[in-house]
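J.: Structure in structure tokens, see below.
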There are 2 protein chains.
Amino acid sequence: MIDECKALSNETRLRILNWLKDPEAHFPCGDTAELGVCAGLIQQKTGASASTVSAHLAVLQRAGFLQATRRGQWIYYRRDEARIRAFAEDLHHTL
Amino acid sequence: MIDECKALSNETRLRILNWLKDPEAHFPCGDTAELGVCAGLIQQKTGASASTVSAHLAVLQRAGFLQATRRGQWIYYRRDEARIRAFAEDLHHTL
DNA sequence: TCGCTATTTCGCTAATTAACGAAACATACC
DNA sequence: GGTATGTTTCGTTAATTAGCGAAATAGCGA
């Protein structure tokens with residue numbers, strides 16, 4: 001629970017999660033098939049450096065909110081909706 | 001939302017919130033009338049220093065999770081259930 | 001293998017958080 | 001006012017987080 005709360009304690013990471021809720025709308029010129037959105041597009045949209053965004057994505061992945069799939073030199077990220085929902089409900093019950 | 005998530009990103013603070021869910025059960029030898037639990041009892045139960053616990057309680061108060069009432073030299077803390085519930089639901093909708 | 005692109009990891013700096021003991025402040029009593 | 005207790009604030013140290021640029025790694029095509 002603490003890792004998840006820490007993952008959500010950052011504006012950029014909240015934004016990324018929100019964008020990935022509706023990839024087609026937020027990444028119109030990207031191939032956002034069921035694999036998700038590639039790291040490069042996410043990086044561009046945040047306006048931060050590639051290394052910073054990579055670290056953010058890693059935090060979100062470690063918290064269980066994102067799943068990653070490598071396809072060649074591209075890595076696609078998508079939300080793990082089940083984990084996100086489970087966390088939200090768990091938190092609701094814990095508080 | 002970020003302040004709230006940060007407030008929850010600490011084991012001791014989570015514990016305090018949980019204890020204050022049911023004050024009578026967790027603080028049996030304390031006067032836990034509707035004012036809540038006095039800071040000294042909370043401090044003792046955490047096992048941390050008074051200054052540390054004071055800082056934790058301040059974080060929880062700033063996040064809106066706790067309300068404080070001073071009665072003479074004692075300060076009593078209680079949960080703000082409405083704010084806690086609102087945050088949990090807001091988070092649920094945001095994620 | 002080389003050159004290129006995509007991405008992560010590393011090294012660094014700066015800011016924030018966590019914890020403590022001491023000092024300061026708030027309240028009460030004699 | 002002096003003393004005592006409860007609590008917060010301050011000053012300090014240590015750990016963690018945030019962000020960057022450079023270096024390293026991963027994958028691809030010629």
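J.: Name the residue, out of A:Gly64, A:Gly40, A:Gly72, whose mean-square fluctuation peaks in a Gaussian network model built on chain A with Cα pairs under 10 Å.
T.: Residue with maximal mean-square fluctuation among A:Gly64, A:Gly40, A:Gly72: A:Gly72.
J.: Give, rounded to the nearest 20 debye, the magnitude of the charge dipole that chain A has about its Cα centre when Lys and Arg contribute +1 at Cβ and Asp and Glu contribute -1 at Cβ.
T.: It works out to roughly 260 debye.
J.: Put a point 7 Å out from Cα along the line to Cβ at A:Ser49; what are the distances to that point in the other copies, in nm, shortest first?
T.: Label-point separations across copies, in nm and ascending: 3.6.
J.: Which distances in nm, rounded to one decimal and ordered from shortest, link the label point of B:Asp3 to the equivalent label points in the other identical copies, with labels set 7 Å from Cα toward Cβ?
T.: 2.9
J.: For the protein assembly as shown, give the magnitude of the charge dipole about the Cα centre (Cβ charges: +1 Lys/Arg, -1 Asp/Glu; no others), in debye to the nearest 20. Before the final figure, lay out the partial values.
T.: Working: 24 positive and 22 negative charges, 98 e Å.
Rounded to the nearest 20 debye, it is 460 debye.
J.: Pick out which of B:Ile84, B:Ile16, B:Ile42 has the largest mean-square fluctuation in a Gaussian network model of chain B, springs linking Cα atoms closer than 10 Å.
T.: Ranking B:Ile84, B:Ile16, B:Ile42 by mean-square fluctuation puts B:Ile84 first.
J.: What chymotrypsin sites (Phe, Trp or Tyr not before Pro) does chain A have in DSSP loop regions with at most 12 other beta carbons within 10 Å? Let's see the in-between values first.
T.: Values: sites: A:Trp19, A:Phe65, A:Trp74, A:Tyr76, A:Tyr77, A:Phe87; in loops: A:Phe65.
When the chymotrypsin sites (Phe, Trp or Tyr not before Pro) of chain A are filtered for loop state and at most 12 Cβ neighbours within 10 Å, nothing remains.
J.: Label position 7 Å from Cα toward Cβ: report the copy-to-copy distances for B:Glu24 in nm, one decimal, ordered from shortest.
T.: 5.5
No lab work stands behind these numbers, since they all come straight from the coordinates. Everything quoted here is computed from the prediction, not taken from an experiment. Cβ coordinates were reconstructed from backbone atoms using ideal geometry, including for glycine residues, and neighbour counts include every protein chain displayed.
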